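The values are calculated or read from the model by the stated rules, or taken from the named source; none is laboratory data. No experiment lies behind these values; they were computed from the predicted model shown. Backbone-built Cβ (ideal geometry, glycine too); neighbour counts: all protein chains shown.
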Amino acid sequence: MLRILHEHKSTNTDEYNNSGTRNRNWRNVLIHNKLLLFTFIVLLTFIYEWFPLYLIPVLSVFSWICMMNRKNYLLAQLTAVRGLALGGGGLTLDWSKITMYLGSPLIVPSWALINIAFGFILIIWLIVPIVYGTNVRNVQAQPIGGIIFPELTSMHLVTMFTSFACLPAVFVHTFLFHMSDLWNQFRSKALYNMGNDVHTRLISLYRNVPDWWFCLVFTVSLIVICVICNHTGWLKWYLVLLSLFIYILLVLPFGLVASITGQFLQNAPVYYFGVIISQGLSLGKESKQSYIFLTVGYVLFIQTLALVQDMKLGHYLKIGHLPLFVAQCLAGFICSSINVGIQYIYFKIYGFNNEYNSNISIFDYTLLGRSLFKNVNGFLSDANETNRYLLWAFLGGAVLPIPGWLLSRWTRFNCLKHLHWPLILVTISWIPALLSAGALFTWILIGLTVYFTIGKYTWTKRYIYLASGALDVGVNMTQIFVNTLFINQKHSFPVWGRAKLNNEWDSCTLALSGKN
């Protein structure tokens, strides 16, 4: 996007008409003035986002088919946003909700969009109804989708299976499809072995940062966190090292897949993996220790990928290694200091999980994540023996990539090399607590529509990237204005007719109700 905004040379022959004079219609002005186009999209998004965010919130959970017959329970379960969103019956017309966890669908590769669409149809529209129809673990007593319930819904059950299956699927997929490339990269750091592209040759002219600088920062940080955790009784120092070791093993395979697919940076399966380990170490009986164990490892995982992402961005924008290293160190120190300071003020005023009863992580809104607080026995303990059947998902996830890899070796099935089970599993794992089926359907619909209409042309890709960035900027501006001027001041907007929401989760009341 930065590159596009800095381009001044026109590449479109329609800029001039037959007489040789410059066309001045609004279409050409917007196409050739990219900064003006960016500003125009930002303003449109800023205006539009007021409607789903504040004025007409029903648009953010728009179960339009269910609203035709609100008393039909089956229709609600099949078509609502928090149901199956079958046939597009439940849509999310709020860009912030659509992109909250998966990012913009406009910049995801087309093959990745097709993979996610295939996984959505297979798992949400086929497997979930089968599980619901067979009444596994009495799931028919709950809604088919829902959010967080004391008992499992059919969608919860299936997506927890996909969460567990994702971890081995990533390792097996990486080994089968990318091991030769990884081996070549590990063999040598020579320029000729890294593709020898123009970016690599240009960035190699900048002064390099010695490896021992990174090792020094890591060593100092490791000593500080071990001493603090051990001295305060938050977590034993050897458990800190164990957490770091476990999550370091996940960085390479997940980072490789993230770089290819554009997903995986925020990762529910990795978090759940830490939950299971902490409960297996009997840390679940002490939620403070569990969250320290999770925070140390999970933040290491996320921040390592973010660090590599920033370094790759600097690689393409030709930002020198030294200023990039200094900027990253300062950003980490400033952000962590502000974060700790704000949390200290909150806890000083309200007490830890007392009046100020907030969740530590977004994943605490999921059934498995919340089990840290609500279930001291552990999600897979003897008291919850039935949950152990979900462990078969680890075997299933390890097996899934193998048939596609074997078949892709034949020319007839060469297209199967694009079948990406880790991407499918990790995307579906956001449903239903954090991401509704309607929001994911809308995300897929927007991505595929843009790709098959204008995205397949090479010259339009830069404008799509520009539009994606402008949409995000416009949404963020609206959220700042709405939250600062209205929501934080407790100024609510009147309810529009029959658009009253079901606890802001769905415009269809029966979508979150169990069968009577």
**OP:** Starting from region 329-340, keep only residues that are over 15 Å from VAL299 (Cβ atoms), then list their pairs with residues that are β-branched (Val, Ile, Thr) whose Cβ atoms are within a distance under 8 Å, requiring at least 6 positions of separation or different chains.
**Re:** CYS329/VAL217
Subject >> Selection from region 215-243 of residues that are closer than 20 Å to HIS321 by Cβ and touching a residue at least 60 places away in the same chain (Cβ under 8 Å) >> reply: VAL217
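Looking only at region 233-271, count every residue that is under 14 Å from the mean Cα position of the chain (by Cα), part of a helix (DSSP H, G or I) and not aliphatic (A, V, I, L, M) and tell me the total.
Qualifying residue count for the region: 6.
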Original post:
Among the residues of region 453-471, which ones are exposed (fewer than 14 other Cβ atoms within 10 Å of the Cβ) and either of a type in the set (D, E, K, R) or outside any helix (DSSP H, G or I) (or both)?
Top reply: LYS456, TYR457
Subject >> Residues being under 30 Å from the mean Cα position of the chain (by Cα) and either outside any helix (DSSP H, G or I) or loosely packed, with under 11 Cβ neighbours inside 10 Å (or both) - total across region 203-227 >> reply: 1
**OP:** Please state which of the following conditions ASN354 fails to meet, knowing it meets all the rest: (1) modelled with pLDDT under 85; (2) surrounded by 13 or more Cβ atoms within 10 Å (Cβ to Cβ); (3) among the polar types (S, T, N, Q).
**Re:** (2)
Original post:
Quick one: in region 80-93, which of the residues that are under 20 Å from THR449 (Cβ atoms) and out of contact with any strand residue (DSSP E or B) (no Cβ under 6 Å at 6 or more places or on another chain) is surrounded by the fewest Cβ atoms within 10 Å (Cβ to Cβ)?
Top reply: GLY87
Original post:
Which fully enclosed helices (runs of 4 or more DSSP H) of region 30-149 have 2 or more residues being touching a Gly at 6+ places or on another chain (Cβ under 8 Å) and not polar (S, T, N, Q)?
Top reply: 34-48, 73-79, 110-119
Original post:
Quick check: is even one residue across region 403-412 within 27 Å of the chain's Cα centre (by Cα), touching a residue at least 40 places away in the same chain (Cβ under 8 Å) and surrounded by 14 or more Cβ atoms within 10 Å (Cβ to Cβ)?
Top reply: yes
